[in-house]
């Protein structure tokens, strides 16, 4: 065997282990914290509470909607401040929320019921979403969301 191949392989393993050592291990408490944070975020959207949304959203946040449109943190905060959507419902369906932890990353999935009006046009739909959070020095931050097209179930 080529000794330099062992050196490269050893370096790659050491680098991987070193990176893993800097990752904070996920705990059951992290699961509860992220679950509560995502529920708080949905409630803030329902209230058009831009202050709470701003605290939870990362500055690099992007949301991808089922039709391919995207929205940034600034877009969502502006929408909340303008109160351009009046929500009757913006609630996760009971028993559908799941939090999966991957070190300093957490992915929340749930079924969401949204009902309200935008510019006088009513809407009422259910959809699935995935919200991605990362652990930062300031705590867990919501960095990426993706919503499905409306679901029939």
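The values are calculated or read from the model by the stated rules, or taken from the named source; none is laboratory data. This is a predicted model, so every value here is computed, not measured. Methodologically, a virtual Cβ is constructed for each residue, glycine included, from the backbone with ideal geometry; neighbour enumeration extends over all protein chains shown.
Below are the figures for this structure:
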{"read-out": "Residue under evaluation residue 86, criteria (1) farther than 18 Å from residue 145 by Cβ; (2) in contact with a helix residue (DSSP H, G or I) (Cβ under 9 Å, 6 or more places away or on another chain), criterion not met", "value": "(2)"}
{"read-out": "Pairs with Cβ under 9 Å, 6+ apart, first in segment 56-75 and farther than 14 Å from residue 129 by Cα, second assigned to a loop (DSSP other than H, G, I, E, B) and at pLDDT 95 or above", "value": "71/65"}
{"read-out": "Segment 37-54 residues that are at positive phi and assigned to a loop (DSSP other than H, G, I, E, B), paired with ones that are crowded, with 18+ Cβ neighbours inside 10 Å and at pLDDT 95 or above (beta carbon under 9 Å, 6 or more apart)", "value": "48/80; 48/87"}
{"read-out": "Counted residues, segment 129-145 - those being closer than 16 Å to residue 96 by Cα and either surrounded by fewer than 17 Cβ atoms within 10 Å (Cβ to Cβ) or more than 8 Å from the chain's Cα centre (by Cα) (or both)", "value": "2"}
{"read-out": "Criterion: under 13 Å from the mean Cα position of the chain (by Cα) and either modelled with pLDDT of 95 or more or buried (at least 17 other Cβ atoms within 10 Å of the Cβ) (or both) - qualifying residue of 90, 42", "value": "42"}
{"read-out": "Filter pass, residue 110 being surrounded by 13 or more Cβ atoms within 10 Å (Cβ to Cβ) and either modelled with pLDDT of 95 or more or under 15 Å from the mean Cα position of the chain (by Cα) (or both)", "value": "yes"}
